[in-house]
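Reviewing the structure listed below.
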Amino acid sequence: MPRINKREFLRASSCAGLGWLLGDSVWARFADVPPRQLAQREDFWETIRSNYRLKPDYINLESGYYSMQAEPVLEAFIAKVRQANYEASYYLRTKQVPDKLAIRTRLAATAGCSADELVITRNTTESIATVVNGYDWKAGDEAVMAEQDYGHMVAQFKLIARRYGTVNKVVSVPGDPKSDDEIVQVYAKAITPRTRLLMVSHMINVTGQILPVRKIADLAHARGVDVLVDGAHAFAHFDFRIPDLGGDYYAASLHKWLGCPLGTGILYVRKDKITKLWPIYADWRITDDADIGKLNHTGTHPVHTDLAIDSAIAFHNSIGIQRKEARLRYLQTYWTSKVRGMKNIVLNTPSDPARTCAIANVGITGVTPADLAATLFDKYRIFTNAVDNPAGGVQGVRVTPHVFILPRELDVLVKAIAEIARAV
Ligand SMILES: Cc1ncc(COP(=O)(O)O)c(C=O)c1O
């Protein structure tokens with residue numbers, strides 16, 4: 001099958017369809033295959049894989065930190081670096097602003113929100129910091145978050161607590177719930193009349209558990225509490241529209257599941273919440289407090305990074321979010337279903353596929369996560385990430401395949417895990 005053509009890619013609009021990516025003759029074979037069936041068509045996914053440059057030394061099952069750009073996206077990114085350097089100040093003074101606004105509009109279409117509710121940031125960290133630092137906190141105000149949230153995001157609330165005397169209520173989310181209500185009730189118990197902001201992870205980073213954000217947001221709103229969603233791992237991973245989640249703020253990194261260059265993220269702020277947020281950086285041009293641009297003064301920055309988002313959206317749209325979601329969930333359940341129930345194996349990921357997608361976490365009784373990750377790498381050439389968080393109930397390695405991973409590589413993982421577990 002043909003590799004994607006760079007020239008065509010660069011020429012293509014961000015709404016290019018799969019016919020463009022694969023070539024029409026190839027696409028004709030797959031066009032009518034429903035996503036869940038296509039998820040198992042290796043001939044199709046081999047073609048997608050051929051657009052990535054994969055290091056032959058190991059199997060990369062750690063796309064959760066940074067997901068490499070597909071080659072066409074990387075080429076487009078490099079072209080943008082060259083353009084910004086070639087045109088220099090002329091580019092910055094004449095083209096930067098309209099180019100970035102156009103990309104924001106395409107990102108908003110991907111997110112299902114309005115462009116004036118979205119800004120491009122460097123990452124989830126910056127997006128969450130913008131919200132948390134944007135409040136007028138008073139001593140005694142409360143915020144709710146979970147033990148399973150990403151540590152650095154919880155740390156932002158700890159900093160606020162030290163600075164203003166606020167109180168953080170940290171809940172613990174059940175890892176394999178029988179119902180959404182089991183989770184919603186955990187958050188409900190932590191809300192008091194003093195609660196102002198609740199942070200919830202859309203997907204827990206170390207286990208891959210998807211949380212019922214809409215139900216948690218509805219609960220919080222009914223009690224007058226704002227909702228900040230940490231979507232670092234959810235955006236462009238599975239299919240949803242940000243406004244449908246009901247949160248007031250949504251933060252995500254684009255260098256994870258959208259496959260953008262490092263240092264790209266988004267912050268969504270619901271229209272009626274923009275006015276009251278204080279920006280971190282002042283911007284003399286913005287006098288209207290309801291303009292989300294006030295939250296996005298970046299100074300002079302590597303604009304070529306933002307410009308490459310366009311190509312990543314084009315690549316992402318070429319696969320299609322429903323096909324991508326179905327494949328990623330298939331890959332995860334492919335290997336977890338083979339090891340679940342094996343002696344000495346602890347799966348730290350919900351058994352209900354609807355509560356998961358690509359990410360899962362596996363531990364082996366009697367083997368530390370660090371040792372497990374080291375053995376997987378040293379003996380089996382499999383790269384994963386060790387997670388040792390007994391307080392959060394997770395000890396194991398995080399396994400994160402992306403669209404370029406094939407089941408035969410997961411077979412290597414299954415064999416490795418089975419052998420290590422047997423040897424305990
Ligand atoms: C749930 C979650 N939130 C926030 C972050 C921070 O993302 P970034 O480093 O891209 O800002 C991560 C990073 O992995 C994460 O998993």
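For this structure, a couple of remarks:
- Scan of the stretch 108-124 for residues that are touching a residue at least 60 places away in the same chain (Cβ under 8 Å) and away from the ligand (no atom under 16 Å from the Cβ), ordered by number: Thr110, Ala111, Gly112, Cys113, Ser114, Asp116, Glu117, Leu118
- Pairs with Cβ under 9 Å, 6+ apart, first in the stretch 307-334 and in contact (Cβ under 8 Å) with a residue 12 or more places away in the chain and at positive phi, second in a helix (DSSP H, G or I) and of a type in the set (A, V, I, L, M, F, W, C): Gly320/Leu18
- Wholly within the stretch 208-327, helices (runs of 4 or more DSSP H) carrying at least 2 residues that are closer than 30 Å to Thr356 by Cα and small (Gly, Ala, Ser): 213-222, 309-319
- If the condition is being surrounded by 24 or more Cβ atoms within 10 Å (Cβ to Cβ) and either at positive phi or among the hydroxyl-bearing types (Ser, Thr, Tyr) (or both), then the stretch 265-283 contributes only Tyr268.
- Within the stretch 143-198, being of a type in the set (Gly, Ala, Ser), more than 15 Å from Val131 (Cβ to Cβ) and under 22 Å from the mean Cα position of the chain (by Cα) holds for Ala146, Gly151, Ser172, Gly175.
- Enumerated strands (runs of 3 or more DSSP E) restricted to the stretch 337-424, each holding at least 2 residues that are more than 29 Å from Ser50 (Cβ to Cβ), more than 21 Å from the chain's Cα centre (by Cα) and at pLDDT 95 or above: 345-347, 360-364
- Extreme residue, nearest to the ligand (Cβ to nearest atom), among residues of the stretch 125-157 that are outside any loop (DSSP other than H, G, I, E, B) and loosely packed, with under 15 Cβ neighbours inside 10 Å: His152
- Residue match in the stretch 88-108 (condition: within 28 Å of Gly392 (Cα to Cα) and surrounded by 18 or more Cβ atoms within 10 Å (Cβ to Cβ)): no
Yes or no, residue by residue, for (1) among the basic types (Lys, Arg); (2) modelled with pLDDT of 95 or more; (3) in a helix (DSSP H, G or I); (4) within 16 Å of the ligand (Cβ to nearest atom):
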position	(1), (2), (3), (4)
Ser25	no, no, yes, no
Asp43	no, no, yes, no
Thr47	no, no, yes, no
Asp57	no, yes, no, no
Gly64	no, yes, no, yes
Met68	no, yes, no, yes
Arg82	yes, yes, yes, no
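- Selection from the stretch 51-81 of residues that are within 14 Å of Leu307 (Cα to Cα) and of a type in the set (Phe, Trp, Tyr): Phe77
- Gly140 over 22 Å from Met203 (Cβ atoms), in contact with a Lys or Arg (Cβ under 7 Å, 6 or more places away or on another chain) and small (Gly, Ala, Ser): yes
- Residue check for Gln185: free of Cβ contacts under 8 Å to residues at least 24 places away in the same chain and either away from the ligand (no atom under 13 Å from the Cβ) or assigned to a loop (DSSP other than H, G, I, E, B) (or both): yes
- Selection count, the stretch 55-73, where residues are of a type in the set (Asp, Glu) and surrounded by fewer than 20 Cβ atoms within 10 Å (Cβ to Cβ): 2
- Some residue of the stretch 251-264 being of a type in the set (Lys, Arg), surrounded by fewer than 22 Cβ atoms within 10 Å (Cβ to Cβ) and either at pLDDT 95 or above or within 16 Å of the ligand (Cβ to nearest atom) (or both): no
The values are calculated or read from the model by the stated rules, or taken from the named source; none is laboratory data. Computed from a predicted structure; not experimentally measured. Neighbour counts run over all protein chains shown; Cβ positions are idealised from the backbone, glycine included.
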